[in-house]
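Engineer: Below is the structure I would like to discuss, written out as structure tokens.
Quick note: the coordinates plus some simple rules give every number you see, no bench work behind them. The structure displayed is predicted, hence computed values, not measured ones. Cβ placement follows ideal geometry from the backbone for every residue including glycine, while neighbour counts extend to all protein chains displayed.
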Amino acid sequence: MREYDIVVIGAGPGGYETALEAAGTYGMKTALIEKEALGGTCLNHGCIPTKTLLHSADLYREIRECSRFGLTVGEVSFDMEKIQDRKEEVLNTLRSGIAMQMKQKKVTVIEGTGRLVDGHTVEAVRPDGSKITLDTEFVLIATGSRASLPPIPGADLPGVMTSDGLLESRTVPEHLLIIGGGVIGMEFASVYSSLGVPVTVLEALPRIIANLDKELSQSLKLLMKKRGVTICTGAMVKELRQEEGRGIVCVYTEKEEEKSVSADQVLICTGRRPCTEGLFSDGCIPEMEKGRVLVNAGQQTSIPSVYAIGDVTGGLMLAHAASAMGKNALAHMNGKPNVCDLSVIPSCIYTSPEIASVGLDDAGAKEKGLDCASRKIVMSANGKTVLSAGERGFIKVVYEKETGRIRGAQMMCERASDLIGEFAQAVTAGATLKQMYGVIRPHPTFCEAITEACRPELS
């Protein structure tokens, strides 16, 4: 009998949630290896700290604009030191909660760097250099990803940082330059513009958040410009350099014209890459492609006893996707069918209002050759949106013309990250517009707009 049933390498949401489920639901003797803090990138350097800063920034902006609600306040200011202190308090609370769950489920937590020796052996190197060897039936790799810096001259200048560095910064820039108009870039643009900082975003592609529906991209760009954010698309960065009196100068081309913009802080967020450095011994490397670990539908690698989930496998780099993969991996290890449908994974952007998407958009349905149509309702007629002075926003539903089956949804509105769950369930279950319309939702709420979006007589 082996020492462990499963050893998990990496304690991000995918890793620690899988470890808890392995020990709790399946009764597997479980060990979890993490070289830094419990929670991984999501909790410590990603989702949670970013959304904590967003919450503080949004509150600050709302208080400054509260006169429209008939409220009067005195001078309003913010303290970045205290905002960061609150962020750390949130992170510590959540880390403590994870540690408590590990004790309750009797998961062995090992601080160190994990390395796969063979299909059933994992070596953990502790911070003091000492090593321990773990014998296990299964190994689950959940090592995540890290920021990938493009080869831009000057990217190593002081004041140029990735999201990790900006999340820890306790100084407020006079002008923030963001290279990359994806989810990370636009969320940071939202944080700092809400705090009153001038922000410029340079995106190499023709539009921001290019992986989502075109209408979401256009709406977000208009909203950001309304809040003072300068957005340049089709902008190819050539170099960063330090100039006296101008700070950091970024030289870029836009429509074949060379331009420049200066800032005192620069955020580079142009992508992430899987963390696999030092993970495998020479004699035990699973099949890989462009740095990512390849897996089958059950998350199993080319080494039968070794599984991989989350960012390290490429694809959608989302915490909830990694957790879902972990559930499927455990099911596969225990001879059961997949639990989660990985073809239906919602994506969210925590701007204000929020953006969310799931399933197919118009372009995606067309690419698949489906005979689909879409309908859109604006949120200006939604009572909860009006009374809370929310942005106009919209909800769009993509459905099959013949059957009414819902194939996807895109929305930009208050609480979109919560509302998208209804459509994720609908797409997974193959629900129709008629079925979604028949659900009784409370009034006044944001969610009752879903009823209007699915009203049959609009077909």
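Engineer: For region 104-162, which GluC sites (Glu not before Pro) are in a loop by DSSP, counting at most 12 other Cβ atoms within 10 Å?
Structural biologist: none
Engineer: Treating the beta-carbon of each Lys and Arg as +1 and of each Asp and Glu as -1, no other charges, what is the dipole magnitude of the chain about its Cα centre, to the nearest 20 debye?
Structural biologist: The dipole of the chain has a size of about 1040 debye.
Engineer: Measure off 7 Å from each Cα along the Cα-to-Cβ vector at Glu367 and Glu81, then give the distance between these two points in nanometres to one decimal.
Structural biologist: 4.9 nm
Engineer: Which aspartates and glutamates, on any chain, are close to Lys87 with Cα under 14 Å apart, when same-chain ones fewer than 8 places away are left out?
Structural biologist: Reachable aspartates and glutamates: Asp79, Asp164, Glu168.
Engineer: Identify, among Gly40, Val160, Thr428, the residue whose Cα sits farthest towards the positive end of the charge dipole of the chain, taking +1 on the Cβ of Lys and Arg and -1 on the Cβ of Asp and Glu, with the dipole about the Cα centre.
Structural biologist: Thr428
Engineer: While we're on this one: According to a simple spin-label model (label point 7 Å from Cα along Cα-to-Cβ), what is the distance in nm between Asp58 and Lys259?
Structural biologist: My value for the distance between the label points is 3.0 nm.
Engineer: Here's a follow-up. Do the sum for the chain: with -39,500 (n - 2.57) for every DSSP H run of n ≥ 4, divided by all residues, what is the mean residue ellipticity at 222 nm, to the nearest 500 deg cm²/dmol? Walk me through the numbers before you get to the answer.
Structural biologist: Details: 13 runs with 143 residues, N = 459.
Dividing the helical sum by the residues of the chain leaves -9500 deg cm²/dmol.
Engineer: Let me ask another. Could you tell me whether region 160-270 comes out rounded, prolate or oblate from its Cα gyration tensor? Rule is a ≥ b ≥ c as square roots of the eigenvalues, rounded for a/c under 1.5, then prolate if a/b exceeds b/c, otherwise oblate.
Structural biologist: Oblate is the answer for region 160-270, as a/c is 1.5 or above yet b/c matches or exceeds a/b.
Engineer: Pairs of Cα atoms under 8 Å, at least six residues apart: use those to get the relative contact order of region 14-98, whole percent.
Structural biologist: Details: 41 pairs, mean separation 26.9, N = 85.
Computed over region 14-98, the figure is 32 percent.
Engineer: Is the chain best put as rounded, prolate or oblate by its Cα gyration tensor, with a ≥ b ≥ c the root eigenvalues, rounded for a/c under 1.5, and otherwise prolate when a/b is larger than b/c, oblate when not? Let's see the in-between values first.
Structural biologist: Working: a/c = 1.66, a/b = 1.19, b/c = 1.39.
Since a/c reaches 1.5 but b/c is at least a/b, the shape of the chain is classed as oblate.
Engineer: Also, I was wondering about something else. Specify the inter-centroid distance of region 248-284 and region 144-168, based on alpha-carbon positions, in whole Å.
Structural biologist: 6 Å
Engineer: Could you give the length gained by full extension between Glu244 and Val439, i.e. 0.36 nm per residue of separation minus their alpha carbon distance, to one decimal place?
Structural biologist: 63.9 nm
Engineer: What whole number of Å gives the distance from the Cα centroid of region 58-86 to the Cα centroid of region 384-430?
Structural biologist: 30 Å
Engineer: For region 317-408, state which trypsin sites (Lys or Arg not before Pro) are in a DSSP loop and have at most 10 other beta carbons lying within 10 Å of their beta carbon. Display every interim value, and only then the final one.
Structural biologist: Working: sites: Lys327, Lys366, Lys368, Arg375, Lys376, Lys384, Arg392, Lys396, Lys401, Arg405, Arg407; in loops: Lys368, Arg392, Lys401.
Loop-located and lightly packed - Lys368.
Engineer: What is the chain's relative contact order, in percent, from Cα pairs under 8 angstrom and six or more apart in sequence?
Structural biologist: 14 percent
Engineer: Let me ask another. Please give the length that would be gained between Leu71 and Glu452 if that part of the chain were fully extended, namely 0.36 nm times their separation in residues minus their C-alpha to C-alpha distance (nm, one decimal). Walk me through the intermediate numbers first.
Structural biologist: Numbers: separation 381, 0.36 × 381 = 137.16 nm, distance 3.23 nm.
Contour length minus Cα-Cα distance gives 133.9 nm.
Engineer: Let me ask you something else. Once each part is reduced to its C-alpha centroid, what is the distance from region 5-39 to region 178-213 in angstrom?
Structural biologist: Going from one Cα centre to the other spans 34 Å.
Engineer: I want the antiparallel fraction of DSSP beta bridges within the chain, as a percent rounded to 5.
Structural biologist: On the way: 54 of 86 bridges.
If I count the DSSP bridges inside the chain, around 65 percent turn out antiparallel.
Engineer: With a cut-off of at most 13 other beta carbons within 10 Å, and DSSP calling the residue loop, which GluC sites (Glu not before Pro) in region 162-260 qualify? Please list them.
Structural biologist: Glu174, Glu244, Glu256
Engineer: By how many nm would the segment from Lys226 to Gln104 lengthen if fully extended, with 0.36 nm per residue of separation less the alpha-carbon distance?
Structural biologist: Gain on extension, Lys226 to Gln104, equals 39.0 nm.
Engineer: Assuming R0 = 45 Å, can you tell me the calculated FRET efficiency for the pair Thr25 and Ser380, based on Cβ-Cβ distance, to the nearest 0.05?
Structural biologist: Efficiency computed from Cβ-Cβ geometry: 0.50.
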